[in-house]
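Participant: Next up is a structure, given as structure tokens.
The values are calculated or read from the model by the stated rules, or taken from the named source; none is laboratory data. Not measured: the values here are computed from a predicted model. When we count neighbours, we look across all protein chains shown, and the Cβ atoms used for this are built from the backbone with ideal geometry, even at glycine.
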Amino acid sequence: MARYTGPNCKLCRREGSKLFLKGTRCHLDKCSFEKRGYIPGMHWQRRPKLSEYGLQLREKQKAKRIYGLLEAQFHTTFIKATKVKGVTGDTLLRFLETRLDNVVYRLGFASSRKAARQLVRHRHITVNDRLVDIPSYRLSPSDRVQVCERSRQLALIHESLKRAGEGQQVPWLSVDKSNLSGTLLEYPTRDNIPTPVEEQLIVELYSK
């Protein structure tokens, strides 16, 4: 399966903001964005003034990179969002937030979405007591996510729980750290999604 294998810090520098793609490292002084906040490349001194299309494109790229999706996956998610009644931008973010890999990250079981995706792929996570190894699996209210029995001693999970950042904590999830489990209480609303993207610009881009 296709996936991005380049340096994650370069993506943050390109978007001009921290995307928190490397978990704990993003909160340390050695974060590359803190040291070199300019865009990568030989013409880094010139951050061009963006056109309307450029702003829309950058916002879409930022959202893609935050959630770790490739273009085809992101576009497919957008098309599904347009077929649901309601505000398309809000629905898009709701679909992205209720992906299994994102929920594992929000619960604090992984320090980044990339690490969360790896936990899911390696069959360390169950949903309603059933093993699920599909990161894009979409959860519904009352679904229970848990670290499976054989994986409860993994040091990286316990370390991540200790260092879970404020951006991971959301009111629509409940966490039981002692049992390494969590429950989706309700679908998130835009006000309860701390992702720093302007989803309306993404809708405008795809509507052209």
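Participant: Cβ-Cβ distance below 8 Å, separation of 6 or more or different chains: which pairs start in segment 140-156 with a residue that is closer than 9 Å to HIS124 by Cβ and end on one that is small (Gly, Ala, Ser)?
Facilitator: Within 8 Å, the pairs are VAL147/SER181.
Participant: Let me ask something else. Looking at (1) out of contact with any strand residue (DSSP E or B) (no Cβ under 7 Å at 6 or more places or on another chain); (2) under 21 Å from THR77 (Cα atoms); (3) free of Cβ contacts under 8 Å to residues at least 60 places away in the same chain, can you tell me which one ASP129 breaks?
Facilitator: With (1) out of contact with any strand residue (DSSP E or B) (no Cβ under 7 Å at 6 or more places or on another chain); (2) under 21 Å from THR77 (Cα atoms); (3) free of Cβ contacts under 8 Å to residues at least 60 places away in the same chain applied to ASP129, the lone miss is (2).
Participant: Ok, one more. Suppose we filter PRO135, PRO141, PRO171 for residues that are surrounded by fewer than 14 Cβ atoms within 10 Å (Cβ to Cβ), within 17 Å of the chain's Cα centre (by Cα), part of a loop (DSSP other than H, G, I, E, B) and on the phi < 0 side of the Ramachandran plot; which single one remains?
Facilitator: Result of the check over PRO135, PRO141, PRO171: PRO171.
Participant: A further question on this structure: Among (1) within 19 Å of LEU180 (Cβ to Cβ); (2) at pLDDT 95 or above; (3) not small (Gly, Ala, Ser), there is one condition ARG138 misses while meeting the rest; what is its number?
Facilitator: Tallying (1) within 19 Å of LEU180 (Cβ to Cβ); (2) at pLDDT 95 or above; (3) not small (Gly, Ala, Ser), ARG138 fails exactly one: (1).
Participant: Additional query: Of all the helices (runs of 4 or more DSSP H) wholly in segment 42-117, which have at least 3 residues that are farther than 22 Å from SER181 by Cβ, at pLDDT 90 or above and more than 17 Å from the chain's Cα centre (by Cα)?
Facilitator: Per the criteria, 52-67, 71-82.
Participant: Just the residues that are buried (at least 16 other Cβ atoms within 10 Å of the Cβ), touching a His at 6+ places or on another chain (Cβ under 9 Å) and assigned to a helix (DSSP H, G or I), please, taken from segment 144-168.
Facilitator: If the condition is that a residue be buried (at least 16 other Cβ atoms within 10 Å of the Cβ), touching a His at 6+ places or on another chain (Cβ under 9 Å) and assigned to a helix (DSSP H, G or I), then SER151, ILE157 are the ones that fit.
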